[in-house]
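The values are calculated or read from the model by the stated rules, or taken from the named source; none is laboratory data. Source: prediction; values computed, not measured. Glycine also receives a Cβ, built like all others from the backbone with ideal geometry; neighbour counts cover every protein chain displayed.
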Amino acid sequence: MTPCFSTVTLLSADLPRQLSACAESGFTQVELWLTQLEEHLAKHGDTALRKVIEETHLQCVSAAYQGGLLLTQGQERREQYQQWQQRLALCQQWGVGTMIIVPDVVDKPTPQDLQRAVVSLKQAAPLAASFGVRLALEFRGSSRWCASIPTACALLADAEDANLGLCLDLFHYYTGCSKFEDLAWLTPANLFMVHAADLSGTPREWAGDADRVLPGDGEFHIAPILQHLRTMAYAGPVSVELMNPQLWSIAPAQVASLAMQSLKRFLEESS
């Protein structure tokens, strides 16, 4: 397993500065936050960003995230697909091999919605593959229809495409309805990405993304999960992904260094 850093963790910092801080802290892989990437390119172009990536030899292994692909219809679907194809082209341009996709928000899901999601996954997979991009479905703990490992894996199995896999986000794992035994659904073939975060002092029922803290600073039992992943021979990225605004005022180099220290500790414990 390889330590990775999601740029959303330092959302307020300039993107090239973030990447430099990641490289200085020992990261070789990063996950790009698509909105941040789009905004940076629109304002500053790609010169500085490309220079940093070339000088640091960072790999942009994944990008997050795209919604609206699974259940939308009509004009809304056309608009989502237009944005998505533009983002696929961005991923291709920057060598990003995996894009995170998330379930659409619905209040009252139906069995027909699950069927529609499978059809949408079947349609999306070959288009993403034409850009050299895999799709990793991230279940959401608060979702009404794709909130757990078994449901997400069942959707992927029904879609039957090797270009589709799962993103295991430990925050959604712990704040949702997944159980440790559900990890048996995971294989090296269907697990594309792992997001690491923790939670401290906030009831899980109330927890939001802004409550995420560094792995090891909270109450989640992360080491046994990583041990299971190592046992099943998962060798992909484990990315620190936090959306905590309190971190945005701290120097990027300090946050990246702390993130690397926390990941290395857990990866060593699970070895």
Any idea which of (1) out of contact with any Ser or Thr (no Cβ under 9 Å at 6 or more places or on another chain); (2) surrounded by 16 or more Cβ atoms within 10 Å (Cβ to Cβ); (3) charged (D, E, K, R) is the one R134 doesn't satisfy?
(1)
For a quick check of your reading of the model, give me the residue pairs whose first member lies in the stretch 146-165 and is closer than 15 Å to F192 by Cα and outside any helix (DSSP H, G or I), whose second is at pLDDT 95 or above and among the polar types (S, T, N, Q), with beta-carbon atoms closer than 6 Å and at least 6 apart or on different chains.
G165/N190
What are the residues in the stretch 63-101 that are within 23 Å of C146 (Cα to Cα) and aromatic (F, W, Y), if any?
Y65, Y81, W84
If you take the residues in the stretch 86-118 that are surrounded by 20 or more Cβ atoms within 10 Å (Cβ to Cβ) and in a loop (DSSP other than H, G, I, E, B), which one is nearest to the chain's Cα centre (by Cα)?
V102
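Being out of contact with any Leu (no Cβ under 6 Å at 6 or more places or on another chain), closer than 27 Å to I222 by Cβ and surrounded by fewer than 19 Cβ atoms within 10 Å (Cβ to Cβ) narrows it down to one residue among Q29, Q66; which is it?
Checking each option against the conditions leaves just Q29.
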Of all residues in the stretch 232-249, how many are among the hydrophobic types (A, V, I, L, M, F, W, C), assigned to a loop (DSSP other than H, G, I, E, B) and in contact with a strand residue (DSSP E or B) (Cβ under 7 Å, 6 or more places away or on another chain)?
2
Residues that are among the small types (G, A, S) and either crowded, with 23+ Cβ neighbours inside 10 Å or touching a strand residue (DSSP E or B) at 6+ places or on another chain (Cβ under 6 Å) (or both), drawn from the stretch 144-177
A152, G165
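State all residues of the stretch 212-263 that are among the hydroxyl-bearing types (S, T, Y) and farther than 20 Å from E138 by Cα; if no residue qualifies, say none.
Once the filter is applied, which keeps residues that are among the hydroxyl-bearing types (S, T, Y) and farther than 20 Å from E138 by Cα, the stretch 212-263 yields T231, S249, S257, S262.
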Would you check if A223 is over 27 Å from R17 (Cβ atoms), in a helix (DSSP H, G or I), at pLDDT below 95 and of a type in the set (A, V, I, L, M, F, W, C)?
yes
Kindly indicate the residue of the stretch 186-202 that is free of Cβ contacts under 8 Å to residues at least 60 places away in the same chain, crowded, with 16+ Cβ neighbours inside 10 Å and in contact with a Phe, Trp or Tyr (Cβ under 9 Å, 6 or more places away or on another chain) and also farthest from L135 (Cα to Cα) among those meeting that condition.
L199
Can you say whether L121 is assigned to a helix (DSSP H, G or I) and either over 15 Å from the mean Cα position of the chain (by Cα) or crowded, with 20+ Cβ neighbours inside 10 Å (or both), as far as the supplied structure shows?
yes
Going through the stretch 32-50 in order, the residues found to be among the aliphatic types (A, V, I, L, M) and surrounded by fewer than 16 Cβ atoms within 10 Å (Cβ to Cβ) are L41, A42, A48
Is there a residue being over 23 Å from A63 (Cα atoms) and in contact with a helix residue (DSSP H, G or I) (Cβ under 6 Å, 6 or more places away or on another chain) anywhere in the stretch 93-108?
no
